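Notes for the one structure printed next.
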Amino acid sequence: MTCDAPAPAAAPERTEWRSHGPRRRSTRALRVRTSAVLVAATVLAVLLVPPLVQLDQQAVDLAAKLQPPSWAHPFGTDDVGRDLLLRCVYGLRVSLLVGVAAALTATVVGTAVGAAAGALGGWADRALMRVVDTFSSVPHLLLGIFIVAMFRPGVWPVVISVALTHWLSTARIVRAEVLSLRSRPYIDAAVSGGASRWRVTVRHLLPAVLPQAALAAVLMVPHAMWHESALSFLGLGLPTHTASLGTLIQSARGSLLAGQWWPTLFPGLFLIVPTLAIAGLAGAWRERINPRHRSELML
């Protein structure tokens, strides 16, 4: 009587970390390059097009209103005959200005509050975090509308509104980072050597949290641009004659209902593509400064 020999055990499959695979690296590199090219094109457009193109973006030509895209007008014209490409560039310029200014202001406020809460601790930490929780309990858009309503229409009221509703996440991130740094040996050594709390905060804690704060600022720019566009779309903040991506989309609602798609499509693309490009670069930066978190996410 014969017995079949046992089948040889299958070789264990090799587990490859996708974060270190060549395909994953090439995809990430392509994403970073594409995002960098789009961000560079955005910056060059808002800096070079207005001085080089000697055209008035407010010039009205009723005989050429709502013309579809053509060689003369690559993006077509709006409901009063203005060139839509030039209007989109000017609108992107205003929206990007609002986004960058609001992100920087919110980062400064959030970093100051978070660093103070983490460094002081005790009742000061609890009081500052209760302020953060109070602001967080109110919807951003509702609070932004309330702040904008207190000022005359303009760019800087929108900047203030967006900044005062977007510093909360930065404050939490900086506070958590400061609390983590306070337990490090070199902080204990500085305190044991007689350094004051102010000196420890300025010389050791703030420089250590600056990369995280800068990353939060870059990530906040797309969010701030979308927030500005939402306020402008609602008719708040910026005057209707000021070209921003939100006001362009808001003024094109009637044209879209009448079948003219280009006054809505191109301002929307000018809003979506740069914000995705900035977010892509910020994501690559986050993976670089926190490689362990990247590897855990790619498993």
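General observations
- Area of Met220 that stays accessible when all protein chains are in place (1.4 Å probe, Å², to 10): 10 Å²
- Mean separation of Cα contacts under 8 Å (6+ apart) over length of region 235-289, as relative contact order %: 26 percent
- For region 62-128: Kirkwood Rh in Å [reciprocal of mean 1/r, alpha carbons]: 15.4 Å
- Accessible area per residue for region 146-299, computed on protein heavy atoms with a 1.4 Å probe, is 52 Å².
- The 3J(HN,Hα) values that the Karplus relation (6.51, -1.76, 1.60; θ = phi - 60°) gives for region 209-218 are, in residue order, 9, 4, x, 5, 5, 5, 5, 4, 5, 5 Hz. Gly and Pro appear as x.
- Fraction of accessible area attributable to carbon and sulfur, the chain (%, probe 1.4 Å): 66 percent
- Heavy-atom accessible area ranking, 1.4 Å probe, most first, across Trp167, Trp285, Trp261, Trp123: Trp123, Trp261, Trp285, Trp167
- Net charge of neighbours whose Cβ lies under 15 Å from the Cβ of Val174, counting Lys and Arg as +1 and Asp and Glu as -1: +1
- Gyration tensor (alpha-carbon) shape descriptor, region 119-203, a/c threshold 1.5: prolate
- Vicinal HN-Hα couplings computed from phi for region 258-268 (Karplus, 6.51 cos²θ - 1.76 cosθ + 1.60; Hz; Gly/Pro x): 8, x, 8, 8, 5, x, 9, 5, 5, x, x
- One way to sum up the overall shape of the chain is the equivalent ellipsoid from its Cα gyration tensor, whose semi-axes run 43, 33, 17 Å, largest first.
- Helix 122-136 axis, angle to the chain major axis (alpha carbon atoms, nearest 10°): 40 degrees
- A helix-only calculation puts the chain at -22500 deg cm²/dmol for mean residue ellipticity at 222 nm, using -39500 (n - 2.57) for each DSSP H run of at least four residues, averaged over all residues.
- Spacing of the modelled spin labels on Ser183 and Ala64, each 7 Å from Cα toward Cβ, amounts to 6.6 nm.
- Based on Cα contacts under 8 Å between residues 6+ apart, the chain shows a relative contact order of 25 percent.
- Cβ-based net charge around Gly81, under 10 Å, with every Lys or Arg adding one and every Asp or Glu removing one: -2
The values are calculated or read from the model by the stated rules, or taken from the named source; none is laboratory data. Bear in mind that the values here come from a model prediction, so they are computed numbers and not experimental data. When we count neighbours, we look across all protein chains shown, and the Cβ atoms used for this are built from the backbone with ideal geometry, even at glycine. Side chains are part of the model used for accessible areas, which takes the heavy atoms of the whole protein and leaves out ligands, DNA and RNA. Shrake-Rupley method; radii C 1.70, N 1.55, O 1.52, S 1.80 Å.
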